[in-house]
1. Which of the residues that make up the range 46-56 are more than 19 Å from Glu95 (Cα to Cα), open to solvent by 60 Å² or more (accessible area, probe 1.4 Å) and out of contact with any Leu (no Cβ under 8 Å at 6 or more places or on another chain)?
2. Only residues in the range 61-88 that are under 15 Å from Cys46 (Cβ atoms) count as the first member; pair them with residues that are open to solvent by 50 Å² or more (accessible area, probe 1.4 Å) and not in a strand (DSSP E or B), Cβ under 6 angstrom, at least 6 apart or cross-chain, and list the lot.
3. Among the residues of the range 62-76, how many are open to solvent by less than 90 Å² (accessible area, probe 1.4 Å), more than 6 Å from the ligand (Cβ to nearest atom) and assigned to a helix (DSSP H, G or I)?
4. Kindly list the number of the only condition in (1) open to solvent by 40 Å² or more (accessible area, probe 1.4 Å); (2) more than 8 Å from the ligand (Cβ to nearest atom); (3) not in a helix (DSSP H, G or I) that fails for Lys59.
5. Given the condition assigned to a helix (DSSP H, G or I), within 10 Å of the ligand (Cβ to nearest atom) and either open to solvent by 30 Å² or more (accessible area, probe 1.4 Å) or not hydrophobic (A, V, I, L, M, F, W, C) (or both), answer yes or no: does some residue in the range 77-92 qualify?
6. Using the structure shown, decide if Lys52 is more than 8 Å from the ligand (Cβ to nearest atom), assigned to a loop (DSSP other than H, G, I, E, B), within 15 Å of the chain's Cα centre (by Cα) and over 16 Å from Ala36 (Cα atoms).
Amino acid sequence: MIRKASVISPLVLLVIACGNAMAPSPAAADGAPKGAQVYKMHCELCHGANGKLGFNDAKDLTASVLSRAEMIMQVSNGKGKMMPYKNVLTAKEVEAVVDYTRTLGKTR
Ligand code: HEC
């Protein structure tokens with residue numbers, strides 16, 4: 001009994017701690033969304049933390065020649081294997097994540 005509880009409680013605490021860490025995200029959605037946060041949640045899977053992963057034929061974002069407006073269009077409407085994000089992210093979040101994406105190529 002006691003042994004079991006001591007195994008479970010750190011897990012519960014971890015879940016609660018993670019939940020708290022995520023809490024600022026919805027609050028920031030209407031005001032100043034953080035591009036890096038959005039990127040980590042929605043883009044890193046295919047593009048990788050540095051933009052170069054190329055999972056699922058994703059393009060190397062550090063080598064992209066698209067303009068900011070073109071990127072906003074593509075992230076909103078999707079292309080090929082990349083899904084459209086206009087129903088997932090707010091317009092501001094799309095802009096923030098594109099601005100963040102554009103910094104990836106410059107940190108090489
Ligand atoms: C399911 C995997 C996947 C996810 C998740 C994903 N992408 Fe993509 N992305 C792709 C693929 C595949 C392409 C290439 C599309 C094509 O040209 O056919 C691409 C292309 C792009 C391009 C265009 C690059 C260029 O120069 O043509 C940008 C910009 C981009 N993604 C940004 C993002 C952002 C920002 C997110 C998160 C909101 C994201 N992607 C999430 C797969 C993904």
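1. Hits for the range 46-56 are Leu53, Asn56.
2. Short answer, once both residue conditions are applied: Thr62/Lys52; Gly78/Pro84; Lys81/Asn56; Lys81/Asp57; Pro84/Asn77.
3. The initial filter retains those residues of the range 62-76 that are open to solvent by less than 90 Å² (accessible area, probe 1.4 Å), namely 62-64, 66-67, 69, 71-72, 74-76.
Now narrow it down to the ones that are more than 6 Å from the ligand (Cβ to nearest atom): 62-63, 67, 69, 72, 76.
In the following step, the residues that additionally are assigned to a helix (DSSP H, G or I) were identified as 62-63, 69, 72, 76.
Here the count works out to 5.
4. With (1) open to solvent by 40 Å² or more (accessible area, probe 1.4 Å); (2) more than 8 Å from the ligand (Cβ to nearest atom); (3) not in a helix (DSSP H, G or I) applied to Lys59, the lone miss is (2).
5. Within the range 77-92, none of the residues are assigned to a helix (DSSP H, G or I), within 10 Å of the ligand (Cβ to nearest atom) and either open to solvent by 30 Å² or more (accessible area, probe 1.4 Å) or not hydrophobic (A, V, I, L, M, F, W, C) (or both).
6. No: the conditions fail for Lys52.
The values are calculated or read from the model by the stated rules, or taken from the named source; none is laboratory data. In this text the structure is predicted, and so the values were computed from the model without any measurement. Cβ atoms come from the backbone with ideal geometry, glycine included; neighbour counts cover every protein chain shown. All accessible areas refer to the heavy atoms of the entire protein, side chains included, with ligands and DNA or RNA removed. Shrake-Rupley method; radii C 1.70, N 1.55, O 1.52, S 1.80 Å.
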